[in-house]
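Have a look at the structure below, then the notes.
The values are calculated or read from the model by the stated rules, or taken from the named source; none is laboratory data. This is a predicted model, so every value here is computed, not measured. All Cβ positions, even for glycine, are placed from backbone atoms using ideal geometry, and neighbour counts span all protein chains on display. Note: areas computed on protein heavy atoms with side chains; ligands, DNA, RNA excluded. Shrake-Rupley method; radii C 1.70, N 1.55, O 1.52, S 1.80 Å.
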Amino acid sequence: MGGRITAEEFHAADGVEDWRVLYHLVSAHFRTGSLAKGIALVDEIGRLAGDSEQDLKLDLRHAGVTVSLRGRDISLARKISAAAKELGLPADPTAVQVINLTIDALVGTDVLPFWRALLGYGQIGDDYLFDPQGRGPGVGFQQMDVPRSERNRIHLDIAVPHEQAEARIAAALAAGGRLVTDAHAPKWWVLADPEGNEACIATWVGRG
């Protein structure tokens, strides 16, 4: 079975015990203990995926390989689990997660362009940003009923190549943001979106 199915249908299927539904993905983590074993599994996954490889997201680390499927493809999930088992690589369902950050905003459409420019992200709909490279967390925007006068206790730090910092800052300012301070530049700059939510653009320059 492949294509769009519900989370309940996926988890009710046989042979997908290694996998967990997380938002729009199904993910599994296989412990490897070495890059060589991880690469062997990734090679086999590439062979199994065939034309479906665009629906795959792979994260290869020394400790293991995390595999995510966008289509909740039961057949492919079974094959990947079987390949991992054949290679002697155990699954660890406790190691999978998807992280999204949510920014409360009075007018999400006012602040979203700032964050899109600052992060270099793509956009889905009018309330969600995603990393085109698949590395960073998603950022959502949630309607807030009343403004908050206190300073935010959480902000984002975005490290970029030093030669890209000024362009990223300029894009964020052009998208409605403002510069809070450049007192620590070129180590970091503090910016804010139109509602005062802060973020820092950071580089290695001046850090020793």
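Key figures
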{"read-out": "Among (1) open to solvent by 50 Å² or more (accessible area, probe 1.4 Å); (2) assigned by the TED database to the domain that holds residue 138; (3) acidic (Asp, Glu); (4) assigned to a strand (DSSP E or B), the one test that residue 110 misses", "value": "(4)"}
{"read-out": "Single match in 104, 59 (criterion: open to solvent by 40 Å² or more (accessible area, probe 1.4 Å) and not assigned by the TED database to the domain that holds residue 16)", "value": "104"}
{"read-out": "Verdict on residue 135 being closer than 20 Å to residue 203 by Cα, free of Cβ contacts under 8 Å to residues at least 12 places away in the same chain and open to solvent by 40 Å² or more (accessible area, probe 1.4 Å)", "value": "yes"}
{"read-out": "Hits in the range 50-75 (condition: part of a loop (DSSP other than H, G, I, E, B), within 23 Å of residue 8 (Cα to Cα) and at pLDDT 95 or above)", "value": "none"}
{"read-out": "Condition check for residue 199: touching a strand residue (DSSP E or B) at 6+ places or on another chain (Cβ under 6 Å), open to solvent by less than 20 Å² (accessible area, probe 1.4 Å) and outside any strand (DSSP E or B)", "value": "no"}
{"read-out": "Those residues of the range 130-171 which are over 18 Å from residue 24 (Cα atoms) and either among the aliphatic types (A, V, I, L, M) or not assigned by the TED database to the domain that holds residue 198 (or both), in sequence order", "value": "144, 146, 154, 156, 158, 159, 160, 165, 167, 169, 170, 171"}
{"read-out": "Residue within the range 24-34 that is out of contact with any helix residue (DSSP H, G or I) (no Cβ under 8 Å at 6 or more places or on another chain) and assigned to a helix (DSSP H, G or I) present", "value": "no"}
{"read-out": "Some residue of the range 142-149 being over 22 Å from the mean Cα position of the chain (by Cα), under 19 Å from residue 102 (Cα atoms) and of a type in the set (A, V, I, L, M)", "value": "yes"}
{"read-out": "Answer from 78, 148 - the residue that is open to solvent by 80 Å² or more (accessible area, probe 1.4 Å), in contact (Cβ under 8 Å) with a residue 60 or more places away in the chain, at negative phi and not in a strand (DSSP E or B)", "value": "78"}
{"read-out": "Leading residue by the ranking (farthest from residue 98 (Cα to Cα)) among those in the range 38-76 that are touching a His at 6+ places or on another chain (Cβ under 9 Å) and charged (D, E, K, R)", "value": "72"}
{"read-out": "Residue that is modelled with the highest pLDDT [pool: residues in the range 21-42 that are open to solvent by less than 20 Å² (accessible area, probe 1.4 Å) and polar (S, T, N, Q)]", "value": "32"}
{"read-out": "Residues satisfying the stated conditions in the range 81-97, i.e. part of a helix (DSSP H, G or I) and over 21 Å from the mean Cα position of the chain (by Cα)", "value": "81, 82, 83, 84, 85, 86"}
{"read-out": "When residues of the range 155-193 are limited to those that are of a type outside the set (Gly, Ala, Ser), open to solvent by less than 70 Å² (accessible area, probe 1.4 Å) and part of a loop (DSSP other than H, G, I, E, B), the one nearest to residue 137 (Cα to Cα)", "value": "160"}
